[in-house]
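Undergrad: I'd like to ask you about the structure that follows.
The values are calculated or read from the model by the stated rules, or taken from the named source; none is laboratory data. The structure displayed is predicted, hence computed values, not measured ones. With ideal geometry, Cβ positions are generated from the backbone for all residues, glycine too; neighbour counts draw on all protein chains shown. For the accessible areas, the whole protein counts, side chains as well, though only heavy atoms, and no ligand, DNA or RNA atoms are used. Shrake-Rupley method; radii C 1.70, N 1.55, O 1.52, S 1.80 Å.
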Amino acid sequence: MKKIGENQPLHAINVKFAKGTDYSDKEGEIIQVYLTSRKTSVPMIVTTADSEAKKHGQDGLFTACSNECGEKLKTALSKEIDTFTSFSDV
């Protein structure tokens with residue numbers, strides 16, 4: 001939930017949506033996704049149908065300010081089984 005500075009390294013986590021989760025009307029946008037386990041919303045980039053990420057089976061992308069924050073986010077994502085089926089580091 002920290003702001004990532006302009007010259008700060010960026011860490012990212014790819015996600016695959018669970019069956020029934022559809023953000024296709026938001027392709028290419030940054031949306032707020034509510035994580036029940038954290039009781040907060042976090043920004044996620046929705047991949048576009050013609051993107052390299054989508055070609056590799058990824059539906060969305062979360063950014064993190066550090067590996068530590070990324071690990072915390074992955075822990076939260078693992079509890080969101082109704083929304084995501086898998087996630088991996090970029």
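Undergrad: Could you list which residues have their amide H under 5 Å from that of L35, counting only those 5 or more apart in sequence or on another chain, with H placed in the peptide plane?
TA: Here T40, S41, V42 satisfy the definition.
Undergrad: List the longest stretch of the chain that has no exposed loop site; here a site is one of the trypsin sites (Lys or Arg not before Pro) assigned by DSSP to anything other than H, G, I, E or B, with at most 13 other Cβ within 10 Å.
TA: It runs 40-78.
Undergrad: Counting only GluC sites (Glu not before Pro) that are in a DSSP loop and have at most 16 other C-beta atoms within 10 Å, tell me the longest site-free stretch of the chain.
TA: Values: sites that count: E6, E27, E29.
Within the chain, the longest run free of exposed GluC sites (Glu not before Pro) spans 30-90.
Undergrad: Compute, for region 11-76, the length of the dipole vector about the Cα centre, with Cβ point charges of +1 (Lys, Arg) and -1 (Asp, Glu) only. Units Debye, rounded to 20.
TA: 320 debye
Undergrad: Grab the DSSP H runs of the chain that are 4 residues or longer, score each as -39,500 (n - 2.57), total them, divide by all residues and round the 222 nm result to the nearest 500 deg cm²/dmol.
TA: Helix-only estimate at 222 nm: -4500 deg cm²/dmol.
Undergrad: Given a 1.4 Å probe and every protein chain left where it sits, what share in percent of the accessible area of the chain is carbon and sulfur? Working shown, then result.
TA: Values: 2950 of 5940 Å².
That fraction is 50 percent.
Undergrad: Find the Cα radius of gyration of region 1-74, compare it with 2.2 N^0.38 Å by division, and give the number to two decimals. Please report the intermediate quantities before stating the final value.
TA: Values: Rg = 12.6 Å, N = 74, 2.2 N^0.38 = 11.3 Å.
Rg over 2.2 N^0.38 Å, computed on Cα atoms: 1.11.
Undergrad: Hey, if you put +1 on the Cβ of every Lys and Arg and -1 on every Asp and Glu Cβ in the chain, which of A49, T83, L73 ends up farthest toward the positive end of that dipole?
TA: L73
Undergrad: Just the accessible area per residue of the chain, please: how many Å² with a 1.4 Å probe?
TA: 66 Å²
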